[in-house]
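Enquirer: Got a structure for you, questions after.
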Amino acid sequence: MSQTNIVAAAANAARPEGGVGRQYLVFTLNSETFAIDILQIREIIEFGELTSVPMTPPTVRGVINLRGAVVPVIDLSARFGRGSARVGRRSCIVIVEVDTESGTQTLGVMVDGVNEVLEIPAADIEPAPAFGARIRTDFIAGMARIDDRFVILLDVSRVLSVDEISALGSLAATPPSLN
């Protein structure tokens, strides 16, 4: 089953009664496991050629043409302050939709590889730790224990805040001052 079909099948699957759980797309980035609510994902595409855009922050890896639409691609590794992600055999772009004040924004997110779609009961989700996380705690919607590991559930609206990424772009475009 293709990666796009995994998301489509999961999104069309019935939710349990009472909304006790949600489905998440689980992926890896820098050997860590993260997840995004499946309802925010539009599709998953193979990593292909990106067009770089001058004067953008390192977080914005470039743009792609997705059926005639220009879609910015965010390097999550750079967004988390870990430098640019390496592109590997399993690398792909997860296309997500983020609500903004001006409407819905479509963005691509670079990940090392997509693992699976999991149903995670609300009772298995713990709050983000107050300290010790390797990413900003406001990026974390919660932590879920899956078997013997923790999965970091990302708050996509915070991680991909268009206003914050734009502000980073403005900083990148500002020439250094000469004193």
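Enquirer: Is one or more of the residues making up region 101-111 at pLDDT 90 or above, buried (at least 16 other Cβ atoms within 10 Å of the Cβ), farther than 30 Å from Gly68 by Cβ and not aromatic (Phe, Trp, Tyr)?
Expert: Checked against the condition, which is being at pLDDT 90 or above, buried (at least 16 other Cβ atoms within 10 Å of the Cβ), farther than 30 Å from Gly68 by Cβ and not aromatic (Phe, Trp, Tyr), region 101-111 yields no hits at all.
Enquirer: Can I ask one more? In region 27-45, what residues are touching a residue at least 60 places away in the same chain (Cβ under 8 Å), assigned to a strand (DSSP E or B) and not polar (S, T, N, Q)?
Expert: Phe27, Leu29, Glu32, Phe34, Ala35, Ile36, Asp37, Arg42, Ile44, Ile45
Enquirer: Restricting to region 66-109, give me the number of residues that are assigned to a strand (DSSP E or B), free of Cβ contacts under 8 Å to residues at least 12 places away in the same chain and not hydroxyl-bearing (Ser, Thr, Tyr).
Expert: Let us first name the residues in region 66-109 that are assigned to a strand (DSSP E or B), namely 66, 69-75, 92-100, 103-109.
Next cut, free of Cβ contacts under 8 Å to residues at least 12 places away in the same chain only: 70, 103-104.
Adding the requirement that they be not hydroxyl-bearing (Ser, Thr, Tyr) leaves 70, 103.
Final tally of qualifying residues: 2.
Enquirer: Another question about this same structure. Which residue out of Val156, Val87 is closer than 24 Å to Val20 by Cα and not polar (S, T, N, Q)? Step through it out loud before you land on a result.
Expert: Details: Val87 fails: closer than 24 Å to Val20 by Cα.
Residue meeting the stated conditions: Val156.
Enquirer: In region 73-118, which residue that is more than 17 Å from Asp155 (Cβ to Cβ) and polar (S, T, N, Q) is nearest to the chain's Cα centre (by Cα)?
Expert: Going through the qualifying residues, I end up with Ser77.
Enquirer: What is the residue count in region 7-26 for residues that are modelled with pLDDT under 50 and either surrounded by fewer than 18 Cβ atoms within 10 Å (Cβ to Cβ) or part of a strand (DSSP E or B) (or both)?
Expert: Residues that pass the stated criteria total 10.
Enquirer: Going by the conditions given, is Ala122 surrounded by 12 or more Cβ atoms within 10 Å (Cβ to Cβ), modelled with pLDDT of 85 or more and touching a helix residue (DSSP H, G or I) at 6+ places or on another chain (Cβ under 9 Å)? Working first, answer last.
Expert: Numbers: surrounded by 12 or more Cβ atoms within 10 Å (Cβ to Cβ): yes; modelled with pLDDT of 85 or more: yes; touching a helix residue (DSSP H, G or I) at 6+ places or on another chain (Cβ under 9 Å): yes.
Answer is yes for this residue.
Enquirer: Provide a single number: the residues in region 27-76 that are of a type in the set (Gly, Ala, Ser) and either at pLDDT 95 or above or touching a Cys at 6+ places or on another chain (Cβ under 6 Å) (or both).
Expert: First, pick out the residues of region 27-76 that are of a type in the set (Gly, Ala, Ser): 31, 35, 48, 52, 62, 68-69.
Among the residues that remain, those that are also either at pLDDT 95 or above or touching a Cys at 6+ places or on another chain (Cβ under 6 Å) (or both) are: 35.
Looking only at that region, the number is 1.
Enquirer: Please go through region 110-136 and pick out each residue that is farther than 24 Å from Pro72 by Cα and outside any strand (DSSP E or B).
Expert: Of everything in region 110-136, those that are farther than 24 Å from Pro72 by Cα and outside any strand (DSSP E or B) turn out to be Ala122, Ala123, Asp124, Pro127, Ala128, Pro129, Ala130, Phe131, Gly132, Ala133, Arg134.
The values are calculated or read from the model by the stated rules, or taken from the named source; none is laboratory data. Just so it is clear, the model here is predicted, and its values are computed rather than measured. Positions of Cβ are backbone-derived with ideal geometry, glycine not excepted, and every protein chain shown enters the neighbour counts.
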